[in-house]
Amino acid sequence: MSILVDRESRVLVQGITGREGSFHTEQMAEYGTNVVSGVTPGGKGKRVAGAPVFDTVADAVAETAPNVAIIFVPARFAPDAIYEAVDNGLPFVVCITEGIPVADMVPVYAHVRNAGSRLLGPNCPGLITPGEAKVGIMPGFIHTPGPVGVVSRSGTLTYEVVDALSRAGIGQSSAVGIGGDPVIGTSFIDVLGLFEADPATEAIVMIGEIGGADEEQAALFIQEHVTKPVVGFIAGQTAPPGKRMGHAGAIISGGSGTAAEKMAALDAAGVRVVDRPSAVPAAIQAALS
Amino acid sequence: MSILVDRESRVLVQGITGREGSFHTEQMAEYGTNVVSGVTPGGKGKRVAGAPVFDTVADAVAETAPNVAIIFVPARFAPDAIYEAVDNGLPFVVCITEGIPVADMVPVYAHVRNAGSRLLGPNCPGLITPGEAKVGIMPGFIHTPGPVGVVSRSGTLTYEVVDALSRAGIGQSSAVGIGGDPVIGTSFIDVLGLFEADPATEAIVMIGEIGGADEEQAALFIQEHVTKPVVGFIAGQTAPPGKRMGHAGAIISGGSGTAAEKMAALDAAGVRVVDRPSAVPAAIQAALS
Amino acid sequence: MNLHEHQAAELFATHGIRTNGGDVAFTPDEAETIARGVGGPVVVKAQVHTGGRGKAGGVKLATTPRDAREAAKAILGLDIRGHVVSKVLVAPAADIAQEFYLGVTLDRTRRQNVVMASAEGGVDIEEVARERPDRIVRALVDPFLGLHPWQARQIAFALGIPADKVGGIVTIARQLYETYVAEDATLAEINPLVLTGSGEWLALDAKMSIDDNALFRHPEFEALRDFDAEDRTEIDARQSGISFVKLDGDIGCIVNGAGLAMATMDAVKLHGGEPANFLDVGGGASADQVAKAFGLVTADPHVRAILINIFGGITRGDIVAQGIAEARQRVEVTVPIVVRLSGTNAEEGQRLLAEAGLTATESMDEAAAAAVRAAHAA
Amino acid sequence: MNLHEHQAAELFATHGIRTNGGDVAFTPDEAETIARGVGGPVVVKAQVHTGGRGKAGGVKLATTPRDAREAAKAILGLDIRGHVVSKVLVAPAADIAQEFYLGVTLDRTRRQNVVMASAEGGVDIEEVARERPDRIVRALVDPFLGLHPWQARQIAFALGIPADKVGGIVTIARQLYETYVAEDATLAEINPLVLTGSGEWLALDAKMSIDDNALFRHPEFEALRDFDAEDRTEIDARQSGISFVKLDGDIGCIVNGAGLAMATMDAVKLHGGEPANFLDVGGGASADQVAKAFGLVTADPHVRAILINIFGGITRGDIVAQGIAEARQRVEVTVPIVVRLSGTNAEEGQRLLAEAGLTATESMDEAAAAAVRAAHAA
């Protein structure tokens, strides 16, 4: 068991013949992900990692019935790719692309929601269900199957935590990177709800960072709806206000969105908040025992 | 019994202090309609036909809890009035205004649908449930309560038919004018479905006209979903192609949308099609006996 | 309102669509001058608000300025489906490799705009729609987001356009949709959109209709109105709030309400007559409006009787009758007038009309029959 | 990127918002000249990318050109929250009857834009938001339809604006939202928006921030960049795909990934040190990127040790180690370097780094502690 993707997932790669797209398609296929097709306009007839390439999502859907799309197209064209996936009935779309303007994402978010689909990202590493399917760009080998659900706004920081968990002998049910932009399709709350409902998940690690109020919202949600133990870490305890820390969303503005506020909110919600990534495995072990 | 409005309906009038708005508010109130409030920006504190006037729909909703809005504002401002009504939770909005550009109505239609509300019109006479509530501009006195549901794209032509029915001793459950524009909120199909489900309606009169394909769609719907007898009349049997007959929607284009096609479609669906309004009462009498 | 090809082409060009240029000529001399300026083969095309001009001889290829002159001479004055040609467009001939159809209009059933395209360009698209509907590719446009690039690509691939030419038609499709929206069009069409021998996209024709209800947003279109092509009477009527359409019969109709006006025309026909017009006086049927309606109807020399059909609703029948009687005194009407007056205070109204010397009845059928008899007797 | 008041005001004006005009002065002389041109009382305002300039003495009223000169002299060179004032805006003083706040930004929780307004204009709006939140009126903007006129009216009535002044602020609110969208802003703010003694609406201040991700759509903004105000190093870094933010500490950080970079800074602090910067080298951590990162970090004279923290994911640790070693040879680094390398082929990578004479470990905590020790020892 797992959330969102598993060995049955049929993955479509948009932008499959690009440098990033083709590289990660190979990587995903190597991990065992069922990549059924890809789309690149004008790419019809090609193959990447054995998967046939089509000109349009409509053609790929008609021929290969995918149920997850992953997007590797440049920022200027990524919103169009999301619309194409959703309007052609894809229920779940993962957008890796970074640098999409906020003004483009606001209507994308609303449209995806109206259509009843789910978007993960943009500007995220994707997600993985260890041993079953990797729909993203994370290094697969650091993950091991197990009982801990991981959800994070960050990329390499997630690998850091997952690696620490695996080294401590603690496997993961699924690990989900929700992305570091101000407007993202899937929030902490959404993933927490999925982990809470997933029988294979026994504990949850939540990795937040400065900016926005999603962690505070998540804290309220945890208090009311999550019965499983949650371990939390917030990056950016030393970040100054008004400065964007790499991610477009990681900025302390108007005195809110600080790490201290987020840690306090999580703590108040019963989350075991740790001050460094290396402390996560012990906290999880304590929670699980 | 009836459809859409009855003596319990709480009516809000948008544009209540305008010439049309105030006149028809008096007329509606006189008919017995429960007009609970009106809106005119800057009109706060006034009263029309005893109903209090507010600056915004939000205020009117908070103070008077309306569940039907009727709009009498000029074409340039009518789309905004519809959005204001729907976004403030009005489940049913009747737009009398004529002359709204099609380009404005396309997003209005989609938004109203997404919001789960219902729009009647624009460019329509509204609707009436005889003896209970009049939410429109039709002459109330020609209507009598009874078993026949009337639905029409036209104004005075509907009065003509209703008058003929009443004179023949046949009353109406409700009479609904859906409007003569290319993009309207409520179609024949919607109203036919409501009449079919309404226990008080025993037979239906459907008055169409040239242009579009709503009558053809209605014919298909009748064939599959309507068990009650339907009498149909189509205006514009002598209209030439390419000429707009008053209503923006009444135009035969590309050889389709002719009265002959519509009459044939209705006939094929089992509708008793008559060639003149005066023939409606006899056809209804035959259907009901 | 409909625009002429050369007017629509100018609008397309302002939105970035490459068109074939050319100039308008009102005389064979002007056509020759324009062709000389082009300096190569030209196409001479009738500018009329109707389709089928090709079949009617309204489009001619001319290889020399002299030929262009002759072509213009042959086309100017031609009657195409009732429209007399008063101007032609003289444009450079294009080196056509392939012809396509591209258009945007409203899908009334879905209440959404639709982009349509076909590889069968340059021919009557309605004929293609009827006879080979599978040859037309459609994309419904999101009411909020407009035409997505992926939709335009999907159309292009469906038409079998080679990958390296897809970007070009995607751009044009989006520009055409943009034009349609920006100009409040009810139709925007390129037929044919061609791929030239050198592999470039070119709009060889342009067709647009503008939503009359949106003209308040486009005062600039008033200057484009073609008073030769549109019936000036209909325009005058519109300014008075009267909907008027000239027809071929001899019974003038004055009615309140568009649906009732159509039903009145139908009734005239059912009783063996022919309506001379569609006329909706609008709301109140006041003396002013009726007087204007009399003016519109009696301007047609073919009219041999007038049928007034008023359903008194909110406005009382006796008031309407007074208005009719008053208008009757203001405007000289020499043909017989039959009035049908029903609804509120109809009896009183009929009495007033009878006093004013007018035939009045409460039945629409009776009135139509009486009007037909009167016209035949005249 | 942030715009200066006078730049934002110009953008507002192009979208129809009436602003107070004025000109920019870099010297007291220029300020005097501008004030003379105005011919009446002026306001002299510091142009800095930070709030609270009023409290800091960065805004002064001057009744004569001579006063304007003195005011400019006092303000130019002022340090406001770490920003040194290099220019002032000299604008006509307005006859203020009432002050309002009007702003547009993104509501991140709702993923929608929001228009905010308050009758408490001219003061710090964040303070109002914290202390008297009920004094701020909000309208969430439909993602597809924009700010509806009815929403703007609702805001105006909620602020208690008299009916005859509502139309004016409705127009400005819609223009401000239009500006926000058209210019890809993340913030557009007028504080104060004033109603003058003669009953007119006037934007007395202007504040805008632009979405860095959308700058490709606005090449014109490059010219507006203020290299005095923005850290030139950060801009250079961005052009190399490196996210860099200068901080006050002495331990330079080079990390792959924004989240990990923040966690690295936190680790430095936890171990008693102070990070000198935030630095995300981006994807591959190639020799080129690391070399550029060395350049950025060592440009800061306060840096006494460098902590490199790389989690080898898709890119193998041994390749990253080679890159670091190579960069180390290309750029002269005189301070101690501590490398933490984990993930794929980390052991092999650490061996290579040790060969190159660099301290390497697999634990982030250990590395942070080592870097802090090295800095303190230096």
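Cα axis of helix D:149-158 to longest principal axis of chain D: angle in degrees, 0 to 90, nearest 10? The two axes meet at around 80 degrees. Across every direction, the projection of the convex hull enclosing the Cα atoms of the stretch B:1-71 has a mean area of 4.3 nm². Rounded to the nearest 20 debye, the dipole magnitude of the stretch D:221-378 is 260 debye, with +1 charges on Lys and Arg beta carbons, -1 on Asp and Glu beta carbons, and the Cα centre as origin.
Compute the whole-percent fraction of alpha carbon pairs in the stretch D:13-55 spaced more than 16 Å apart. Distances greater than 16 Å cover 51 percent of the Cα pairs.
Per-residue shielding of C:312-319, expressed as the average number of other chain Cβ atoms within 10 Å of the residue Cβ, stands at 3.
Shielding by partners for peptide B:270-276, expressed as the average number of C-beta atoms from other protein chains within 10 Å of each residue's C-beta, is 2. For the stretch B:11-120, the Cα-based Rg and Dmax, in that order, read 12.9, 37 Å. Within the listed set A:Gly212, A:Gly169, A:Gly177, the residue fluctuating most in the Gaussian network model of chain A (springs between alpha-carbon atoms under 10 angstrom) is A:Gly169. Under a model in which nothing but the beta-carbon of Lys, Arg (+1) and Asp, Glu (-1) is charged, chain C shows a dipole of about 480 debye around its Cα centre. With Cα atoms as the point set, the protein assembly as shown shows a radius of gyration and Dmax of 36.5, 121 Å. Given R0 = 25 Å, the distance between the Cβ atoms of C:His376 and C:Arg232 translates into a calculated FRET efficiency of 0.25.
Ranking C:Asn309, C:Val339, C:Ala291 by Cα position along the charge dipole of the stretch C:232-377, where only Lys, Arg, Asp and Glu carry charges on their C-beta atoms, puts C:Ala291 farthest toward the positive end. Using the Cβ-Cβ distance between D:Glu70 and A:Lys243 with R0 set to 35 Å, the FRET efficiency from 1/(1 + (r/R0)^6) comes to roughly 0.50. Within the stretch D:68-93, find all residues whose amide N lies under 18 Å from a label point positioned 7 Å from the Cα of D:Arg36 along Cα-to-beta-carbon. Within reach of a label on D:Arg36, which here means backbone N under 18 Å from a point 7 Å along Cα→Cβ, the stretch D:68-93 contributes D:68-73, D:90-92.
Taking every residue in B:245-253, how many Cβ atoms of other protein chains lie within 10 Å of its Cβ, on average? Present the calculation step by step, with values, prior to reporting the outcome.
Working: counts 9, 15, 7, 5, 2, 6, 1, 0, 6.
Average per residue, whole number: 6.
Across the copies of the chain, B:Ser289 has label points (7 Å from Cα along Cα→Cβ) spaced 9.3 nm apart, shortest distance listed first.
Shape summary of the stretch D:267-375, radius of gyration then Dmax from alpha carbon positions: 12.6, 34 Å. All C-alpha pair distances within the stretch C:1-133, sorted into 5 Å bins from zero, spread as 2, 10, 16, 20, 21, 16, 9, 4, 2, 1, 0 percent across the bins. For the stretch A:177-289, report the translational diffusion coefficient in µm²/s to the nearest whole number, using Stokes-Einstein at 37 °C, 0.692 mPa s, and a Kirkwood Rh over Cα pairs. D, rounded to a whole number, is 231 µm²/s.
Take every Cα-Cα pair in chain C and report what % of them are more than 30 Å apart.
Values: 37036 of 71253 pairs.
The share of Cα pairs beyond 30 Å in chain C comes to 52 percent.
Computed over chain B with a Gaussian network model linking Cα atoms closer than 10 Å, the most mobile of B:Asn114, B:Asn88, B:Asn67 is B:Asn114. Here the protein assembly as shown is assigned +1 on the Cβ of each Lys and Arg and -1 on the Cβ of each Asp and Glu. Its dipole about the Cα centre then comes out at about 40 debye.
Distance between the 7 Å Cα→Cβ label points at D:Ser240 and C:Ala129: 6.1 nm. A simple rule links phi to the HN-Hα coupling: the Karplus curve 6.51 cos²θ - 1.76 cosθ + 1.60 with θ = phi - 60°, which for the stretch C:37-47 gives x, 5, x, x, x, 10, 10, 10, 10, 4, 9 Hz, with x for Gly and Pro.
Protection proxy ranking of C:351-363, C:24-36, by the mean of other Cβ atoms within 10 Å over each peptide's residues and highest first, is C:24-36, C:351-363. Can you work out the FRET efficiency for the pair D:Ala119 and D:Ala163, with r the C-beta to C-beta distance and R0 = 25 Å, to the nearest 0.05? Computed FRET efficiency for D:Ala119 and D:Ala163 comes out at 0.95. Using a simple spin-label model with pseudo-atoms 7 Å out from Cα toward Cβ, B:Asp6 and B:Gln223 lie 3.4 nm apart.
Extent of the stretch C:21-92 along its three principal axes (Cα atoms, max minus min coordinate, largest first): 33, 19, 18 Å. Computed with the Debye formula from one identical point scatterer per Cα of chain A, without solvent, the log10 of I(q)/I(0) at q = 0.11, 0.12 Å⁻¹ comes to -0.60, -0.71. Projected label points at C:Asp79 and B:Lys46, each 7 Å from Cα along the beta carbon direction, are separated by 5.6 nanometres. Which of A:Lys46/C:Lys207; D:Lys60/D:Lys207; A:Lys243/D:Lys55; C:Lys165/D:Lys292 have a Cα-Cα distance over 30 Å? Cα-Cα > 30 Å for A:Lys46/C:Lys207; C:Lys165/D:Lys292; rest within.
Rounded to the nearest 10 degrees, the angle from helix A:102-115 to the longest Cα principal axis of chain A is 80 degrees.
Coordinate-derived values only; no laboratory data. It should be emphasised that the depicted structure is a prediction, and the values quoted were computed from it without experimental measurement. Cβ sites come from the backbone with ideal geometry, for glycine too, and all protein chains shown count toward neighbours.
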